[in-house]
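J.: Structure below; questions to follow.
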Amino acid sequence: MEEAVAWTSARREVLENRGMTVAVDVRPPRRAVSISIDHRHLLSQLIVWESGEAQLMRANILDDTNSDEHREISSRADLTRLVDEFAAWTSPVS
């Protein structure tokens, strides 16, 4: 959880400068962190629980598509890949 918050803190300014909205919410009692990144018509939320479970939700409001995926995180590399994938999906296409 702390790493997910640190990832967001380290990248918040860059993401916001690219026009994205970033929000972080730490949720007791189940000890989870929720990160939301929205940009134009792309909305995404990642919830990471202390247990190593994660929920990745994405929506495109223009074409009305969405996905909701449950993931297991067993290493720092898994978390890094997941949050990078999460941010890349919401990033504006150049």
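Bear in mind that the values in this text are calculations on the coordinates, not laboratory data. As the structure is a prediction and not an experimental result, all values here were calculated from the model. Here the Cβ is made from the backbone with ideal geometry for all residues, glycine too, and neighbour counts use every protein chain on show.
J.: What FRET efficiency, computed as 1/(1 + (r/R0)^6) with R0 = 30 Å and r the Cβ-Cβ distance, is obtained for Leu62 and Arg31, rounded to the nearest 0.05?
T.: Details: r = 35 Å, r/R0 = 1.17.
Efficiency computed from Cβ-Cβ geometry: 0.30.
J.: In nm, to one decimal, how far is the modelled label at Glu50 from the one at Val24, with both set 7 Å along Cα→Cβ?
T.: Each label point lies 7 Å from its Cα, and together they span 1.8 nm.
J.: Within a Cβ distance under 10 Å of Glu72, other residues only, what is the Lys/Arg minus Asp/Glu net charge?
T.: So the environment of Glu72 carries a net charge of -1.
J.: While we're here: Given springs between every Cα pair under 10 Å in a Gaussian network model of the chain, which of Val14, Val26, Val83 has the largest fluctuation?
T.: Fluctuation is largest for Val14.
J.: Identify the residues of region 5-26 with backbone N under 16 Å of a label point that sits 7 angstrom from the Cα of Arg76 along the Cα-to-Cβ direction, or state none.
T.: 5-8, 10
J.: Still on this model: What does the charge dipole of region 2-90 about its Cα centre add up to, to the nearest 20 debye, if the Cβ of each Lys and Arg holds +1 and the Cβ of each Asp and Glu holds -1? It would help to have the intermediate numbers written out before the result.
T.: Numbers: 11 positive and 16 negative charges, 41 e Å.
Dipole of region 2-90, to the nearest 20 debye: 200 debye.
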